[in-house]
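These notes are about the structure you will find just below.
Derivation of every value follows stated rules applied to the coordinates shown; laboratory data play no part. In this text, all values refer to a predicted model and were calculated from it rather than measured experimentally. Methodologically, a virtual Cβ is constructed for each residue, glycine included, from the backbone with ideal geometry; neighbour enumeration extends over all protein chains shown.
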Amino acid sequence: MGVEIKLENVHYRYPGQDREALQGVTVTFKPGRITGVMGPNAAGKTTLLKMAAALLKPVKGRVKIMGVDPWRDGSVVHVRRRVVYVHEKPPMLRGTVLDNITLPLRLRGMPKKEAVRLAVETARSLGIDNILKERAKALSTGQRHLVAIARALVLMPEALLLDEPLANVDHIRRPIIIKTVKELVRNGVTIAIASHDTLTLTQLASHAIYLEEGRIIMEGSVEDIARGLTLQEGLPDH
Amino acid sequence: MDSLPSIVARSIIISGSATLIATAWSIPLAYHASTHRRLTPLVYAFEALVGIPTVLVGLLLYALLSRQGPLGWLGLLYTPQAIVIGEALLITPLLVAVSYRVLSEKSRELWELAATLGATSSQAARLVLSESLPGLTSSVIMGFSRAIGELGVALIVGGNIAGLTRTMTTSIALYTSMGEYDKAITLGLILLAITVTFSILARAVRREWE
C-alpha cells in the first residue's frame with residue numbers, strides 16, 4: 001500500500017536566502033517503515049518533508065516517488081494525492097471541523113454525503129467525532145494536529161509525512177496519534193516523522209536520519225543517533 | 001434642484017459601481033502579486049499611491065477626458081461614468097494594497113495546504129480567495145467608504161450638474177458656498193452615517209466569517 005520515496009542528492013534554497021536549506025541530501029522513505037527525521041531548528045527537516053511530498057522542487061538532485069520523478073513527468077498533483085504532508089502548525093480553514101476534514105474529498109469531487117460519511121468514520125477512529133461541529137479555528141493545538149491527521153487520512157494516503165505531530169500535544173491525545181501512526185505503518189503506509197522529541201521517535205521510528213545545516217550527519221536507529229549525539233556533546237550516557 | 005434622497009441614491013450608485021469595477025481588477029492583481037514575488041515592487045508602488053490627493057486624480061482624468069484630451073472623443077466628461085472611472089482609479093491603490101496584505105498573510109500557507117491535499121492550481125486559488133474573504137470584504141468596504149467620501153474627482157470630472165452628477169460631497173461643497181448650512185450639515189451627517197455603518201459592517205463581516 002505504501003510508496004517508496006527516494007531523494008537523491010537534493011539541494012534547496014529558499015528565495016532570498018544565501019544558504020541552502022538542503023545541501024545534497026540522499027534518503028529513502030520505505031513503505032511499511034517509520035523514518036524519523038531529527039535535527040535542531042533550521043536543520044532542514046521541514047524542507048526535506050515538503051520536498052518528499054512534492055511541495056518543493058529541488059534546485060539540484062532528484063526526487064523519485066515509485067521510481068518516477070514527478071517534476072519531470074508532470075505528475076506532481078497526482079503524487080500529492082498519494083503522499084500527504086501534515087504541517088507542524090496545521091492551518092485550519094473557516095468553518096467546522098467537519099468542513100475541514102471533508103475538504104480534500106470535496107476537492108476531488110466526492111459527493112457530500114459520501115465525504116461526510118468518510119470524515120465521520122475517520123474522526124471516530126481518532127476520537128474527535130465529538131468536536132466535528134466546532135469551529136476549527138478555535139481548536140487547541142493538540143486538537144488541530146488530530147484534525148489535520150484526519151484530513152490527511154480521509155485521502156487514504158500511501159505515504160504520510162508528519163512534521164512535529166506531537167509538538168504541544170497533551171498526554172491524552174499523544175497516545176491516539178501514536179496508535180494511529182503504528183496502525184498505518186502496519187498497513188504498509190510509508191511514514192516519515194520530523195521531530196525534536198527523541199523519546200517519541202524511539203517508540204515509533206525504526207530508522208532515522210539526523211540533519212544539521214541541511215546535511216545528513218548521522219543515519220541509523222534512533223537509539224544510535226541519540227547515543228552519537230550524547231558522545232558528541234561529551235555528556236555521560238544514561 | 002435635486003432632492004436629498006436622489007443625491008444620496010446617486011452617490012451610493014456611483015461609488016458602488018466604482019468599487020465593483022476597482023474590485024474586479026484589484027483583487028486578481030493582489031492575488032497574483034501575493035503568489036508571484038516579482039510583482040511585489042508593483043504593490044509597493046500602489047502602497048505609495050494610497051493617499052494620492054483626489055483632486056490630482058480628478059485633474060489627470062480631466063486632462064484625459066476633456067475635448068482636447070486623448071480620450072475626449074468618448075464624450076465622458078461631466079457624466080456619472082467619468083466619476084465612476086475616477087473613483088475606481090482613486091481606490092485601486094487602497095484595494096490592491098490592503099487585499100495584498102490580506103492575501104500574502106495567508107496565500108503561501110493555504111496554497112501549500114491545498115497542494116498537499118492534492119488540489120489543482122485553480123482549486124488552490126479558489127481556496128485562498130475563499131479563506132481570505134472576510135479580509136477582502138473589509139478592503140472592499142474600505143474602498144467604498146473612500147470613494148463615497150471623496151470630492152475632487154466628483155467635482156472636477158463630474159461638474160456637479162444637478163440631476164446628473166451631483167453627489168453628496170459636491171452638494172455639501174455647493175450648499176456651504178451658498179450659505180445653506182442646514183442642508184450641508186444634513187448631507188454631511190448622512191455621509192458620516194453611511195461610512196460609519198460600512199465600517200461597522202466590515203468589522204461584523206470579519207468577525208462572523210473568521
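A Förster radius of 41 Å combined with the Cβ-Cβ distance from A:ASN9 to B:ARG126 puts the calculated FRET efficiency at roughly 0.65. In chain A, a dipole from Cβ-located charges (positive for Lys and Arg, negative for Asp and Glu) runs towards its positive end, and of A:LEU55, A:ILE131, A:LEU105 it is A:LEU105 whose Cα lies farthest in that direction. Electrostatic tally near A:GLU20: other residues with Cβ closer than 10 Å to its Cβ, Lys and Arg +1, Asp and Glu -1, net +2. The slack in the chain from B:GLU208 to B:GLU180, taken as 0.36 nm per residue of separation less the alpha-carbon distance, amounts to 5.9 nm. Among the listed pairs A:LYS89/A:LYS179; A:LYS30/A:LYS112; A:LYS45/A:LYS133; A:LYS57/A:LYS179; A:LYS64/A:LYS113, those with a Cα-Cα distance over 30 Å are A:LYS30/A:LYS112; A:LYS45/A:LYS133; A:LYS57/A:LYS179; A:LYS64/A:LYS113.
Put a plus charge on the Cβ of each Lys and Arg, a minus charge on the Cβ of each Asp and Glu, and nothing anywhere else: the dipole of region B:4-209 about its Cα centre is then about 180 debye. For the pair B:ALA162 and A:GLN203, label points projected 7 Å from Cα toward Cβ lie 8.3 nm apart.
What is the mean projected area of the alpha carbon convex hull for region B:4-209, to one decimal in square nanometres? Don't skip to the answer; put the middle values down first.
On the way: hull surface 51.8 nm².
Spelled out: convex hull of the Cα atoms, projected over all directions, averaged, 12.9 nm².
Reported to the nearest whole Å, the Cα centre-to-centre distance from region A:1-54 to region B:7-68 is 44.
Return the loop-located trypsin sites (Lys or Arg not before Pro) in region A:127-219 (DSSP other than H, G, I, E, B) with at most 14 other Cβ atoms within 10 Å of their own Cβ; answer none if there are none. Counting only loop positions with at most 14 other Cβ atoms within 10 Å, the trypsin sites (Lys or Arg not before Pro) in region A:127-219 are A:LYS133. Positive end of the dipole of region B:4-209 (Cβ unit charges, origin at the Cα centre): among B:ALA45, B:TYR31, B:LEU133, the Cα lying farthest that way belongs to B:TYR31.
Please sort by residue number the GluC sites (Glu not before Pro) in region A:114-166 whose DSSP state is loop and whose Cβ has at most 15 other Cβ atoms within 10 Å. In loop regions of region A:114-166 (DSSP not H, G, I, E or B), the sparsely surrounded GluC sites (Glu not before Pro) are A:GLU134. Taken along the Cα-to-beta-carbon direction at a fixed 7 Å, the label points for B:LEU4 and A:VAL77 span 5.7 nm.
Of the trypsin sites (Lys or Arg not before Pro) in region B:43-138, the ones in a loop by DSSP (not H, G, I, E or B) with at most 12 other beta carbons within 10 Å are B:ARG67.
Taking chain B as a Gaussian network, Cα atoms linked when under 10 Å apart, which of B:THR167, B:THR23, B:THR197 shows the biggest mean-square fluctuation? Most flexible of the set in this elastic network: B:THR197.
List the equivalent ellipsoid semi-axes of region A:82-238 in whole Å, largest first, each obtained as the square root of 5λ for an eigenvalue λ of the Cα gyration tensor. Walk me through the intermediate numbers first.
On the way: eigenvalues 214, 50, 35 Å².
Calculated on Cα positions only, the semi-axes equal 33, 16, 13 Å.
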